[in-house]
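Bear in mind these aren't lab numbers, they're just calculated from the coordinates by the rules spelled out. Quick caveat, the model's predicted, so the values are computed rather than measured. Glycine gets a Cβ as well: all are built from the backbone with ideal geometry, and neighbour counts include every protein chain shown.
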Amino acid sequence: MRKLAIGIAASGALALTGLVAPAASAATVPDLSFSAVTVNKGKAIVVGTTATVKVPVSYTLTRPSDLALDYKTTFAGVTIYRGRLASPENIVEPETAPSCTTTATTATTVTQACAETLTVTPEDSLFETADATTWRAAGFYSQIDQDDDDSDGHISFGYNYNMWGPLGSGVQVKRAAKLTADASPEPVKKGATITVTGKLTRADWGSGKYTGYVSQKATLQFRAKASNSYTTVKTVTSGTGGALRTTTKATKDGYYRYVFAGTATTGSATAAGDYVDVR
C-alpha cells in the first residue's frame, strides 16, 4: 500500500510518521459532505511511462460554518484510490489546496463549489498492471497538531485522518498506447500490392517502457490525397511484439494508417498516416 503523502500537508514530521491511508485517531469526526464529484471530466485517465498527467477534479463541499480549513494544519479535498476504502491498494492525492467558491450558507453550514488537480506521475503514482482498472473517488479531511519546539524537552505530533467514499461512478485509469504504420513499396504502380506494417505497444508502468500488445484488433484505414476523411480497409490482429502486417491493392495516391480503439485497460491510439504515391 502506498504511504499517505498529502502534498498540501508537506512537513518533515508528517513524512516521518510512516502513516498509511486511511489512518484516523479517535478525534471527533467533522460533519463534511462531498457531492457532485467529477474526476477528469468523466473521461478515462490515460498514462504513459514518463509524462505527468494533470487530472482535474470538481466537487461540492458542505462543511460546518465553524470548521476552518487553512491548508496548513487542516485540510479537505478529494482523492482517488484503488481497492477498498479501508485498505486501498493505491491512492493519488492532491498536492495543492483546492480552489473553492462559496455558493450557499446557512446558520450552521457553508457550501462550496471546489476544483482541484491530481497529479499522476508514472514512476511515483502507478506501479503495476493492476493499477489499470476502475478507481474510486473519496473525500478526505485531515488535521495535524504538531509541536516540534524541543526547547522545553518535549515534542508532539497528532494526526487525524477521515475518508468518505466511494463517491461518484468511478474513473478508469488506462495504460497509454502507441501505434505506427509503414506502407511500402513507395512509389508503387496502380493495381500492385502494398504491404502495410506497424506495431502496437502500450505503457508498462513496472519497467517504464512500452511493450508489445498482442492479439488486439486494429483497423487499417486509407485517405485519398484529395480527401479529408479516412475509410476502413480491413481489420488486422497484432502478433508477436504487437506487430501488425497486411496487404492491399494500390488504387490511388493517399495515406495509410492503423487505428486502435482501446480496451478496458488501455487507451486508444492512431498511427500517423504514411503516404503512398501511386503511378
Highest average packing first - 168-174, 198-204, Cβ atoms within 10 Å: 198-204, 168-174
Assigned charges on the beta-carbon of Lys, Arg, Asp, Glu; the chain dipole about Cα centre (debye): 2700 debye
3J(HN,Hα) from dihedral phi, the stretch 215-226, Karplus parametrisation 6.51/-1.76/1.60, rounded to Hz, x for glycine, proline: 6, 10, 7, 10, 9, 8, 10, 10, 10, 5, 3, 8
For the stretch 123-137, Karplus couplings with θ = phi - 60° (6.51, -1.76, 1.60), whole Hz, Gly/Pro x: 6, 9, 9, 10, 10, 8, 5, 5, 6, 7, 6, 7, 9, 10, 9
Solution diffusion estimate, µm²/s, Stokes-Einstein, the stretch 177-276, Kirkwood Rh from C-alpha pairs, 25 °C, viscosity 0.890 mPa s: 178 µm²/s
Tensor-based shape of the stretch 65-174 (alpha-carbon gyration tensor, a/c under 1.5 rounded, otherwise prolate or oblate): oblate
Amide proton proximity set for G262, modelled H, under 5 Å, gap of 5+: A269
Alpha-carbon Rg with Dmax, taken over the chain, Å: 25.4, 91
Anchor K209: aspartates and glutamates whose Cα lies under 13 Å away (excluding residues fewer than 8 positions away in-chain): E123, E128
Inter-probe distance in nm under a simple model that places probes 7 Å from Cα toward Cβ, at T62 and S99: 2.5 nm
For the stretch 125-204, alpha-carbon Rg over 2.2 N^0.38 Å: 2.36
The stretch 7-174, relative contact order in percent, only Cα pairs under 8 angstrom and at least six apart counted: 29 percent
The stretch 177-276: relative contact order as a whole-number percent, Cα under 8 Å and 6+ apart: 35 percent
